[in-house]
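I have placed the structure first, in the form of structure tokens, so that the comments after it can refer back to it.
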Ligand SMILES: [Zn+2]
């Protein structure tokens, strides 16, 4: 039996989409809450999230170190 996506719970695919969305834009509070909820329960997405955070921080670091053009 296939599980329908509920309003509360996201599946991993939706989570990875939200994670990449939030790189560029601030997510609505509801999305952020659902994202956090999923991350609490899902180690796979937690890893993805941590990697994205790491990459984002690394990119910021590079931006900061780059001299003004
Ligand atoms: Zn997941």
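Read-outs: derived from the displayed coordinates by stated rules, not from any lab. Model, not experiment: these values are computed from the prediction. Cβ coordinates were reconstructed from backbone atoms using ideal geometry, including for glycine residues, and neighbour counts include every protein chain displayed.
Select from segment 41-69 the residues that are more than 9 Å from the ligand (Cβ to nearest atom), within 20 Å of residue 17 (Cα to Cα) and surrounded by fewer than 11 Cβ atoms within 10 Å (Cβ to Cβ) and list them in ascending order.
The answer is 54, 57.
Would you please list the contacts, defined by Cβ atoms under 9 Å and residues six or more apart or on different chains, that run from a residue in segment 35-64 that is touching a residue at least 12 places away in the same chain (Cβ under 8 Å) to a residue that is more than 16 Å from the ligand (Cβ to nearest atom) and assigned to a helix (DSSP H, G or I)?
What qualifies is 52/23; 56/23.
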